[in-house]
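Q: If you scroll down you'll find the structure; I have some questions about it.
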Amino acid sequence: MNIHSITLEVAGADDVAAAERFYRDAFGLDGRVGVRRAEAPTSGFRGFAPSLILAQPADVDALFARALEAGAETLKPVAKSLWGYGGSLRAPEGTVWQIASANKTSTGPATGAIEKLVLLLGVDDVKASKAFYSGQGVTVSKSYGSKYVEFDSGPITLALYKRENLAKQVGVVDATGTGSHRIAVNADGSFSDPDGFAWEAGVVTR
């Protein structure tokens, strides 16, 4: 089963228009990320964080700066780490994003190319969620026990973390949250997973 796009939900009609501008101007994600008006309330950490993977630190710095200029706020400043280079921010409509590169050193000027979009889901039980998604026909490509699982899910890569670990990784102090996740995964089938993430058959809502 493939993920074709994700749809983020925002509070009102004016916020929908603003979010569309942000994702177009800051990230250039037309076709992969859409927005629509929210139908249910939410509070606290929403339990997910899309991750943009870029070629090198120069690309991370450029995209991060563009997002901040467009109205995002820093949660975790960009820096080197054991796994590469990156940071996280909160978009104006509330979605937490990670921007990263596996490389720690730039080899040229920034190109702006996004190599991969990964949807990081924070779940209660990684092993149980892995089994659930495998049962839905999503193929596992990487698995590190109860810590991290990654799937071969087409244009957008699905990955699972323990909810608390994901919050810590993206700089969210409190991992708790209530109400809607405010995201729909647009894929080849429709269902709700054990943590309440909704998958919808169809294409992105613009």
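The values are calculated or read from the model by the stated rules, or taken from the named source; none is laboratory data. All values derive from a computational prediction rather than experimental measurement. Ideal geometry is used to build each Cβ from the backbone, glycine not excepted, and the neighbour counts take in all protein chains shown.
Q: Which pairs do you get when a residue that is more than 16 Å from Gly202 (Cβ to Cβ), found in the stretch 30-41, comes within reach of a residue that is surrounded by fewer than 12 Cβ atoms within 10 Å (Cβ to Cβ) and among the hydrophobic types (A, V, I, L, M, F, W, C), reach meaning Cβ atoms under 8 angstrom, with the pair 6+ apart or on two chains?
A: Within 8 Å, the pairs are Arg37/Ala13.
Q: Please go through the stretch 81-107 and give me each residue that is closer than 11 Å to Pro57 by Cβ and part of a loop (DSSP other than H, G, I, E, B), ordered by number.
A: Within the stretch 81-107, Gly84, Ala102, Asn103, Lys104, Thr105, Ser106, Thr107 qualify.
Q: Also, quick follow-up: When only residues in the stretch 42-80 that are among the small types (Gly, Ala, Ser), farther than 30 Å from Glu200 by Cα and in contact (Cβ under 8 Å) with a residue 12 or more places away in the chain count, which is surrounded by the fewest Cβ atoms within 10 Å (Cβ to Cβ)?
A: Among residues in the stretch 42-80 that are among the small types (Gly, Ala, Ser), farther than 30 Å from Glu200 by Cα and in contact (Cβ under 8 Å) with a residue 12 or more places away in the chain, the one surrounded by the fewest Cβ atoms within 10 Å (Cβ to Cβ) is Ala62.
Q: Select from the stretch 151-206 the residues that are under 16 Å from Pro50 (Cα atoms), of a type in the set (Ser, Thr, Tyr) and either in a loop (DSSP other than H, G, I, E, B) or at pLDDT below 95 (or both) and list them in ascending order.
A: Matches in the stretch 151-206: Ser153 only.
Q: Are there any pairs, at least 6 apart or on different chains, whose C-beta atoms fall under 9 Å, with the first in the stretch 81-99 and surrounded by fewer than 21 Cβ atoms within 10 Å (Cβ to Cβ) and the second assigned to a strand (DSSP E or B) and basic (Lys, Arg), and if so, which?
A: Pairs that qualify, where the first residue is surrounded by fewer than 21 Cβ atoms within 10 Å (Cβ to Cβ) and the partner is assigned to a strand (DSSP E or B) and basic (Lys, Arg), are Gly87/Lys76.
Q: Right, another one. State all residues of the stretch 108-125 that are part of a loop (DSSP other than H, G, I, E, B) and over 17 Å from Ala70 (Cα atoms); if no residue qualifies, say none.
A: Answer for the stretch 108-125, where residues must be part of a loop (DSSP other than H, G, I, E, B) and over 17 Å from Ala70 (Cα atoms): Gly108, Pro109, Ala110, Thr111, Ala113, Asp124, Asp125.
Q: If we scan the stretch 52-71, do we find a residue that is modelled with pLDDT under 95, out of contact with any Gly (no Cβ under 6 Å at 6 or more places or on another chain) and in a strand (DSSP E or B)?
A: No: zero hits.
Q: Of all residues in the stretch 117-148, which are hydroxyl-bearing (Ser, Thr, Tyr), within 22 Å of Asp188 (Cα to Cα) and exposed (fewer than 15 other Cβ atoms within 10 Å of the Cβ)?
A: Listed by number, the residues that qualify are Ser134, Thr139, Ser141.
Q: From the list Ser88, Ser81, Ser101, exactly one residue is modelled with pLDDT under 95 and small (Gly, Ala, Ser). Which is it?
A: The match here is Ser81.
Q: Which one is nearest to Ala187 (Cα to Cα), of the residues in the stretch 12-29 that are among the acidic types (Asp, Glu) and free of Cβ contacts under 8 Å to residues at least 60 places away in the same chain?
A: Looking at the filtered set, the residue picked out is Asp25.
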